[in-house]
Amino acid sequence: MSGEFEHLVAEFERFQAGIRSADDRFAGLGAMQQQLTELRASAASPDGGVTVVTGPGGAVLDVEFTEAALAKGPRALSATLLTTLREAVGEAARRQAVIVEENMGDDLGLVDQVLETQAVAFGTTVEELRSKLPEAAQPPSEDFPEQRVLRPADPPPAPPASGPSAGDRFLRTLFDEED
């Protein structure tokens with residue numbers, strides 16, 4: 001019976017840890033929303049003739065042209081503007097993904113998904129795009145490749161194979177009654 005009790009206690013502790021984790025994530029939503037609201041990304045053309053500033057969701061906030069850029073003619077200006085817009089919007093998306101991942105956790109691998117999508121769309125590599133991320137969002141160095149923080153090193157032990165224990169039945173009825 002003490003084995004079942006220990007299993008029940010372990011399950012309850014995992015349940016409480018999950019609640020604490022959810023509480024921690026939700027507590028940071030206000031700060032994350034503020035960070036996203038203040039998000040700004042800018043890109044300049046290689047010659048400095050076009051500058052684009054974007055905000056959350058890649059919204060274009062400002063576009064500036066130099067006299068030299070305007071003198072190049074409409075086709076060259078359009079091409080330079082589109083290239084610079086793509087870079088600024090891509091930067092905003094990468095920064096936004098970093099902010100969300102820092103606040104909500106990397107369970108979904110959001111930054112990696114954004115980088116992979118942009119690498120295909122922009123005809124570049126994930127490594128090239130990753131090098132443009134803020135240093136805090138860079139993957140950890142290989143000095144500690146197996147280091148885990150606040151995550152169990154091993155999966156939790158499996159419940160006994162003899163079917164649900166009395167503790168498991170108790171927890172199921174407890175949660176079923178809340179409906």
Item to check | With all protein chains modelled, accessible area of D106 [1.4 Å, Å²] | outcome: 80
Checklist entry - Distances over 24 Å make up what percent of all Cα-Cα pairs in the stretch 1-144? => result 49
Checklist entry - Using mean Cβ contacts within 10 Å as the protection proxy, how do 107-119, 74-86 order, highest first? => result 107-119, 74-86
Item to check | Nitroxide proxy distance, nm - points 7 Å out along Cα→Cβ at T37 and D62 | outcome: 2.0
Checklist entry - At a 1.4 Å probe radius, carbon and sulfur cover how many percent of the accessible area of the stretch 17-70? => result 56
Next on the checklist: Could you work out how much longer the chain between E4 and T124 gets when fully extended? Use 0.36 nm per residue separation minus the Cα distance between them, nm to one decimal.
Outcome noted: 37.7 nm
Next on the checklist: Around T51, under 9 Å between beta carbons, what's the net of Lys plus Arg minus Asp minus Glu among the other residues?
Outcome noted: -2
Checklist entry - Which of the trypsin sites (Lys or Arg not before Pro) found in the stretch 1-62 are loop residues per DSSP with 15 or fewer other Cβ atoms within 10 Å of their Cβ? => result R40
Checklist outcome for this item: Descending accessible area (1.4 Å probe), largest on the left, turns S21, S42 into S42, S21
Next on the checklist: With +1 on the Cβ of every Lys and Arg and -1 on the Cβ of every Asp and Glu, and nothing else charged, how large is the dipole of the stretch 1-140 about its Cα centre, in debye rounded to the nearest 20?
Outcome noted: 720
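The values are calculated or read from the model by the stated rules, or taken from the named source; none is laboratory data. Note that the structure is predicted; figures quoted are calculated from it, not measured. A quick note on method: Cβ atoms are made from the backbone with ideal geometry, for glycine too, and the neighbour counts reach across all protein chains shown. Heads up: the accessible areas ignore ligands, DNA and RNA and are worked out on the full protein's heavy atoms, side chains in. Shrake-Rupley method; radii C 1.70, N 1.55, O 1.52, S 1.80 Å.
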